[in-house]
Amino acid sequence: MPVDLPVYSDESNPGEFGITYPADRLVPAEMVAYYQAVTELLNTYEQGSFNPVLDVVDGIVKSMRVVK
């Protein structure tokens, strides 16, 4: 299920929220730093900021049963 929060940075949107997408994706240290910065930014948002709300997605997943 796709989850959306309009917070990102890529080649078409460099530097949004102070996070710059690495120009060279082949440099592992740059990608690690990018993913760490994005993770820290996402962790600052409340669950209700995401679409759909993460609590709703969590409830749907918890309600599922797998039967053989």
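Coordinate-derived values only; no laboratory data. Small disclaimer: the values here were computed from a predicted structure and weren't measured.
Non-local amide H neighbours of T20 (under 5 Å, H modeled in plane, Pro and chain starts lacking H): which ones?
Amide H neighbours of T20: G15.
Mind listing the phi-derived Karplus ³J(HN,Hα) values for segment 21-30, rounded to whole Hz, using 6.51, -1.76 and 1.60 with θ = phi - 60°, and x for any glycine or proline?
Working through the residues one at a time gives 5, x, 5, 10, 5, 8, 8, x, 5, 5 Hz.
Could you give each residue of segment 55-68 its phi-based ³J(HN,Hα) in whole Hz, using Karplus coefficients 6.51, -1.76, 1.60 with θ = phi - 60°, and x for Gly or Pro?
Couplings: 5, 5, 4, 4, x, 5, 5, 5, 7, 6, 10, 10, 10, 8 Hz.
What list of ³J(HN,Hα) couplings, whole Hz, do you get for segment 41-47 from phi and the Karplus terms 6.51, -1.76, 1.60, once you set θ to phi - 60° and write x for glycine and proline?
The phi angles translate into 5, 4, 5, 7, 8, 6, 4 Hz.
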